[in-house]
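Reading through the structure tokens given below for one structure.
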Amino acid sequence: MLVTVATVILVAFNLLERNLRTRLENFGINTIISREMVMNSDPIAMPNQPRPDAFASLDKFGERLRLRQFYLRARMPWQPEIMIMSYGDEALPILAGLLHTNTPVICFNENMPENSLVEVSFERQQAVAVVRSPKGFFRPLVGQSLLLVPQGMFPEAERIGYVETVVFRKKAGTLSIPQFVSAIHNLFLMDERNPPQIQSAVGMVKELENLQARQAQWRSAMAGMLGLALALVFGAIAVLEFRQNVYVSALMRSFGAPGKALYIRQWLENAILANLAAISAILALACFHKELFGMLGFPADLLNLNSANPYWSWEIALILLWVNVGAFLSSLSVAIGLRQPVGEILS
Amino acid sequence: MSAVPLSIASFPAPPEPSIERSGEKIACEHLFFRYSRKTDWVINDFSQQFRPGITMIKGASGCGKSTLLRLLAGYLPPSSGRVEMPGGFHPEDREFQRKQLGFVFQQLNLLPLATVARNLEMAGSLAGLSHEETLERTQHWLMLLGLKQFADRRPAYLSGGQQQRAAIARALIKDPSILLLDEPTSGLHDLNTQVISNTLRHFVTGPRICVICTHDHRLEFIAHEILDFNRFLPLEGHLVALAGTAE
């Protein structure tokens, strides 16, 4: 029972950390996304027109991609709501390898077969899009699907406003992320505009650090509790069986059985029983891993034991180590008995 | 529990055994022993030789007979002095305890969860006998001591006499050269006592040495030598022992 509880908690932490790491990898550690709402009453620039580029001065610190996210959504026969973004001419070098000769529309989706052409509809308009897997600049933008259309393809959507979305990929060794964010804010202040909404990996990194700190605390607490509980359980067994173990080992010694062999036999017996029980508990959990942790709300793709197996980790090794410490403790009664002369025990 | 017929007829008196009284001896030299520094000496400067044959040690309760037997078996370390076994063995040698020594405790100390046969087999196996030999000897001693029908019973389901015979069978299965018995017939009726004494007389032949600690006068007739242990007691302990005996 103790092993089961400890394993569930440690595996849950492992899954949480992996989940966060996956999100961080998808987003990119050097990626910063700026989102600025542009309404049709925007004094700086009207929709459907080229806007002044506020971030041009940041180009030397990395690459960027400017897109416009529409408020309205497109549809596919099997997906009713698809986010739409539009790209301008400046994005063409980045999109060069993604565009299809038959269509300028790209549908980013992880689950659909790449290179296939799909029909999408927006209001009463139809278009054909080529399916691409979201990579690079597009990875942090895509949840389920993203439809990327050239600017001006759906003018009525742009006319009601959009979110100017700029994805930065900072070069390593230049500005730090906080400095980069501060630079964006300063640029907006200079233009007397409200600062945009900024999304970066800093939050996720902090979350990961917090989780790791909590995980370390839990591991320490768990190791302490598990050790204490196992020491109590095995200690109680050792006390209850003390007289019996000491008596039997003394009797065997009276027949000439070597003390070391008796101790090793007792220790092996305890270790085999304790390890069998612990490993059975861990294997039972591994068998019901998807059901149990799926019920606890972990995403299904994270629960695939073939990609990463949290039951084959040093946390589990730590649990088994404690189990073996307990088995060792419970065999101490025999060790104590072996120090007494046979004639005193069997008197 | 069904009673098993036990008759003297099934244990015919063996021919008078031939004893090599001049063979190798157990030698105790200036043996001292006490259980802790705060207690009096239980064995106080005891020197004696135990020759082949049966030596019976008698004495008052608490005079140290059982302690001496444990010292001879190497189950207690002497505070000073030494015990030398035939063949140059030291009593605490594992090899000696495994192969040469047969010991019957006053409390019998049969393994409670093992059957009678298993108790014997375990002793034989620890003595290094082959599996076949162990089984053969187990059957032999169970039959000789009238325990064959109880082979598969656990000690708790045997009478006191049957348990006593099982303990003796366990000591004899390894064919020991030294046999030490602590009160082997205490509380047993005459028939059981006779079975045990006949078995011992039959077994202790040649260079074998058997030391029996007992109050039981019925065993005196098989002894080649009787040692009154009271005389080794210090004066005060002697008086206490005498008072105990008088009571």
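The values are calculated or read from the model by the stated rules, or taken from the named source; none is laboratory data. Just so we're clear, the structure is a prediction, and the values are computed from it rather than from any experiment. Every residue, glycine among them, receives a Cβ derived from its backbone with ideal geometry; neighbour counts consider all protein chains shown. Heavy atoms of the whole protein, side chains included, go into the accessibility calculation; ligands, DNA and RNA do not. Shrake-Rupley method; radii C 1.70, N 1.55, O 1.52, S 1.80 Å.
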**On Cα atoms only, tilt of A:314-330 relative to the major axis of chain A in degrees** = 10
**Asked** Given springs between every Cα pair under 10 Å in a Gaussian network model of chain A, which of A:104, A:196, A:258 has the largest fluctuation?
**Response** A:258
**Message:** Based on Cα coordinates alone, diagonalise the gyration tensor for region A:30-199, multiply each eigenvalue by 5, take square roots, and list the semi-axes in whole Å, largest first.
**Reply:** 28, 19, 13
**Message:** At a probe of 1.4 Å, how much accessible area disappears from chains B and A on forming the pair, both sides counted, to the nearest 100 Å²?
**Reply:** 1500
**Item:** Residue-averaged beta-carbon neighbours from other chains (10 angstrom radius) around B:72-78
**Value:** 4
**Asked** With axes computed from alpha carbons, what is the tilt in degrees of helix A:259-287 against the longest principal axis of chain A, rounded to the nearest 10 within 0 to 90?
**Response** 30
**Nearest 10 degrees, 0 to 90: helix A:2-27 Cα axis against chain A principal axis** = 20
**Asked** Listed highest first by mean packing, meaning other Cβ atoms within 10 Å per residue, what order do A:226-232, A:173-179 come in?
**Response** A:226-232, A:173-179
**Message:** Using Stokes-Einstein with the Kirkwood hydrodynamic radius over Cα pairs, what translational diffusion coefficient do you get for chain A at 10 °C and a viscosity of 1.306 mPa s, in µm²/s rounded to a whole number?
**Reply:** 62
**Asked** In the protein assembly as shown, carbon and sulfur make up what percent of the accessible area (probe 1.4 Å)?
**Response** 57
**Item:** Probe 1.4 Å, all protein chains present, accessible-area order of A:190, B:85, largest first
**Value:** A:190, B:85
**Asked** With contacts defined as alpha carbon pairs under 8 Å and 6 or more residues apart, what's the relative contact order of region A:1-150 in percent?
**Response** 21
**Request:** Have a look at the DSSP beta bridges in the protein assembly as shown and tell me what percent are antiparallel, nearest 5.
**Result:** 65
**Mean accessible surface per residue for chain A, computed with a 1.4 Å probe while every protein chain stays in place, in Å²** = 52
**Asked** Under a Cβ-Cβ cut-off of 12 Å, what is the net charge of the residues other than residue A:131 that fall near it, where Lys and Arg count +1 and Asp and Glu count -1?
**Response** -2
**Asked** To the nearest 10 square angstrom, what accessible area does residue B:221 show with a 1.4 Å probe?
**Response** 120
**Other protein chain Cβ atoms within 10 Å, averaged over every residue that makes up B:105-118** = 2
**Request:** Any chance you could look up the accessible area of residue A:242 with a 1.4 Å probe, heavy atoms only, rounded to 10 Å²?
**Result:** 70
**Request:** Could you pull out the pairs from B:25/B:58; B:65/B:148; A:260/B:99 whose alpha carbons sit more than 23 Å apart here?
**Result:** B:65/B:148
**Request:** Starting from the Cα of residue B:90, step 7 Å along the direction of its Cβ; do the same at residue A:295; then give the gap between the two resulting points in nm.
**Result:** 6.3
**Prompt:** If you build the Cα gyration tensor of the protein assembly as shown and take the root of 5 times each eigenvalue, what three semi-axes come out, in whole angstrom, biggest first?
**Reply:** 95, 25, 17
**Request:** Kindly tabulate the residues in region A:253-288 with an accessible-area decrease of at least 40 Å² between the chain alone and the assembly of all protein chains, using a probe of 1.4 Å.
**Result:** A:254, A:255, A:256
**Fill in**
Applied in sequence order to region A:129-146, the curve 6.51 cos²θ - 1.76 cosθ + 1.60 (Karplus, θ = phi - 60°) yields integer Hz couplings, x standing for Gly and Pro, of 10, 9, 8, 10, 7, x, 9, x, 4, 8, 4, x, 8, 9, x, 8, 9, 9
**List B:61, A:121, ordered by accessible area with a 1.4 Å probe, largest first** = B:61, A:121
**Peptide A:63-71, shielding by other chains (average Cβ, 10 Å cutoff)** = 0
**Asked** With each run of n ≥ 4 DSSP H residues scored as -39500 (n - 2.57), what mean residue ellipticity at 222 nm is computed for chain A after dividing by its residue count and rounding to the nearest 500 deg cm²/dmol?
**Response** -15500 deg cm²/dmol
**Request:** On the full set of protein chains, 1.4 Å probe, figure out the accessible area of residue B:58 and give it in Å² to the nearest 10.
**Result:** 60
**Asked** Would you list B:157, A:311 from the most to the least accessible area, probe 1.4 Å?
**Response** B:157, A:311
